[in-house]
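To start, the structure under review is shown below, and the notes come after it.
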2 protein chains.
Amino acid sequence: MARQGDAQLQQSADPLRQRIIEAADELYYAHGFRAVGMDALRQHAGVSLKRLYTVFPSKESIVLAVLDYRHTMWADEIAAAVAQEGTPRARLLAIYDYLAGWFRSDSFRGCVFINAFGELATESPAVATKAADHKREFRRFMEQLATEAGFSEELGDQLMLLAEGAQTTAAITGDSAMALKARRAAEALLSVAESTRTHSVR
Amino acid sequence: MARQGDAQLQQSADPLRQRIIEAADELYYAHGFRAVGMDALRQHAGVSLKRLYTVFPSKESIVLAVLDYRHTMWADEIAAAVAQEGTPRARLLAIYDYLAGWFRSDSFRGCVFINAFGELATESPAVATKAADHKREFRRFMEQLATEAGFSEELGDQLMLLAEGAQTTAAITGDSAMALKARRAAEALLSVAESTRTHSVR
DNA sequence: AGGGTCGGAGAACGTTCGTTCTCCGTGGTC
DNA sequence: GACCACGGAGAACGAACGTTCTCCGACCCT
């Protein structure tokens, strides 16, 4: 048992593995998954093909590792964005400011889980599951934020839908102002919810 | 000039062309674009490879034709869904009931433009443009619906974001109830907007 | 009836894919 | 100094890709 813990720790700290994942993340996110071959990945990661296959048994396992990597990165960053806000209202709106910064980055190309789902879900059930898990967890996160602020779970779902819509629309149209539009919609939903709030905040 | 018009008319009425597009639409939408080869398309359309290439010069041109096909289908259907509603409020909410029906269909796998963008946008600028055009037109459609009902354009943008978020979330999680959640959010936004409406409906 | 265009089936072409293998140099161990 | 485990570069492999070509049978025109 302790051995397993060590192995996991070592795995996520393995610099070679991490380098491959980050290179794969950049290429897959920028060009799509099938568009990037193992040779391009090998070159971009600066790793020989042989070593690549000692760390990962297949391309699919790399894709799944990239999705894990993106998931924890996303979870950590939105948690941090929320954590630095004081009021329940500000905590619920923090997500849209985080999105605004993300949308403005040069590499932004939408949500990698949506992209992976569209391209690979049918042929790789593992990818489909990971994408569903990611969205489910984000939904739970927003629901929790909502209930902690004394609102209904439903409000969390609604704020989640706005965030999702902003991601895809900003990606395709290139209009990073979608984050602000989603924020203003969220503010309006909050103002409705506040007038029918179930309980006062603890 | 009249000849060009004839050619266009004939083109969109060409049953062979239409059969190829519909077969391609089914396969691309279900499995992704790169995952479906020309041979699978040939087989599913019941058309020889030679004839396929007399109608379309390349795979990319088929992809673009499929996107055109989906765009007009989408535009016609949401226009029809809106048209059978009487009140401005019902017209604005009709989109979510249309989405609910779509989400429940077996073949539903999200928005094909989002999927195409994620998979092909980097390598095919034409695909990226068509996806952006589609989203831009849907946004304009919702904005127009909103202003016709006496609301701000901004409200139309917000309702659009909810619809987009519902599409991706329903696709990935398989939860068709997202349409209803988006609808309830839209109702809340409408109730806010009604209290600050700029002008009465004509 | 015979000449010629058309299209079907599918082989062929060159490329690229994911994955494995071969060759070879290097560095550590007894 | 001989041995060996390791890893780098990239060739090799079979499959699949998008696209073109070859062959051949079926139908049209006069």
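The values are calculated or read from the model by the stated rules, or taken from the named source; none is laboratory data. The structure displayed is predicted, hence computed values, not measured ones. FYI the Cβ positions are ideal-geometry reconstructions off the backbone, even for glycines, and counts take in every protein chain you see. The protein model used for the area step is the full one, side chains on, heavy atoms only, and it has no ligands, DNA or RNA in it. Shrake-Rupley method; radii C 1.70, N 1.55, O 1.52, S 1.80 Å.
Before moving on, here are some points about what is shown:
- Candidates A:E154, A:E164, A:E187, filtered to the one that is in contact with a Ser or Thr (Cβ under 6 Å, 6 or more places away or on another chain), in the same structural domain as A:G110 (by TED's automatic domain parsing) and modelled with pLDDT of 95 or more: A:E164
- Residue-level check: of (1) within 14 Å of chain B (Cβ to nearest Cβ); (2) within 26 Å of B:A131 (Cβ to Cβ); (3) open to solvent by 50 Å² or more (accessible area, probe 1.4 Å), A:A116 misses just (3).
- Any hit, segment A:139-151, residues being facing chain B (nearest Cβ under 9 Å) and over 14 Å from A:A100 (Cα atoms): yes
- There is no residue in segment A:26-36 that is under 14 Å from the mean Cα position of the chain (by Cα) and hydrophobic (A, V, I, L, M, F, W, C).
- Helices (runs of 4 or more DSSP H) contained in segment A:123-196 and holding at least 1 residues open to solvent by less than 40 Å² (accessible area, probe 1.4 Å) and closer than 26 Å to B:A35 by Cβ: A:125-148, A:153-173
- Hits in segment A:101-126 (condition: of a type in the set (A, V, I, L, M) and more than 14 Å from the chain's Cα centre (by Cα)): A:L120, A:A121, A:A126
- Single residue of segment A:96-146 satisfying the filter (in contact (Cβ under 8 Å) with a residue 40 or more places away in the chain and among the basic types (K, R)) that is nearest to A:I172 (Cα to Cα): A:R109
- For A:S48: the one exception among (1) at pLDDT below 95; (2) away from DNA strand D (no atom under 16 Å from the Cβ): (2)
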